[in-house]
Amino acid sequence: MHMRSPFSLVASRSARATTLVLACALAGLVAGCASLAPPTAVTSAAGASVEHYRGRFSVRYEQNGETRNTYGNFDWQQNGDNAIVQLLDPLGQTQAIVRENPRRASLELPGKAPLSGPRLEDVMHDALGFALPVGGLRYWLQMQGAPGSQASIERDPQTQRPTHLKQDGWTIDYQAFFDGAPLRVKRIDLSRDLDGSPLAVRLVIDE
């Protein structure tokens, strides 16, 4: 994709003047934009599948009838059913930490006590204005549907690589893959329109 994306703004002079503002938006407009300490690494459990993704994200969403955009970096650690997702501003400061397991989900923001609830998406939406589908993404990044609901997958007829996946109201577009084997996703676009409020997420995995 050669069109100008949110990621290219990081290197531009105009974007450098707005990075702190965007960081505040990501952290729920907390006072002072103080950052969080990075989370400790997920401990590997016997027999658990450990995944680690680092890359960049951009989110376009609506809040109070206005279209908003935010972007930055992410660090995703997955150990079986336990996930820790660290969201960072373009300058590398931790602005939010998401923790999820089958029993509990929480969101940590600078200067605030951790927020928790049975549904992580509800917690994130209330705090940030948008929600990342962490529960589904752990499977979609593996190019498969999440258990518990119906999913449909379309594949390229020549390469058999997945091109689109639909589940739980989300449309997942697989835009790019790393070279070599096994097959690994490099860029994934997600979109959803819930009650007339569109949400678009792009993840570019660097490693």
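List of remarks:
- Qualifying residue in segment 104-117 (condition: open to solvent by less than 30 Å² (accessible area, probe 1.4 Å) and charged (D, E, K, R)): no
- Among the residues here, Pro162 qualifies as buried (at least 18 other Cβ atoms within 10 Å of the Cβ), more than 19 Å from Phe57 (Cβ to Cβ) and not polar (S, T, N, Q).
- Conditions (1) polar (S, T, N, Q); (2) out of contact with any Phe, Trp or Tyr (no Cβ under 8 Å at 6 or more places or on another chain); (3) modelled with pLDDT under 95: number failed by Thr171: (3)
- The strands (runs of 3 or more DSSP E) found wholly in segment 97-207 and carrying at least 1 residues that are under 17 Å from the mean Cα position of the chain (by Cα) occupy 105-108, 162-167, 170-177, 185-194, 197-205.
The values are calculated or read from the model by the stated rules, or taken from the named source; none is laboratory data. Owing to the predicted nature of the structure, the values given are computational and were not obtained by experimental measurement. Cβ coordinates were reconstructed from backbone atoms using ideal geometry, including for glycine residues, and neighbour counts include every protein chain displayed. The area values use the complete protein model at the heavy-atom level, side chains included, leaving out ligands, DNA and RNA. Shrake-Rupley method; radii C 1.70, N 1.55, O 1.52, S 1.80 Å.
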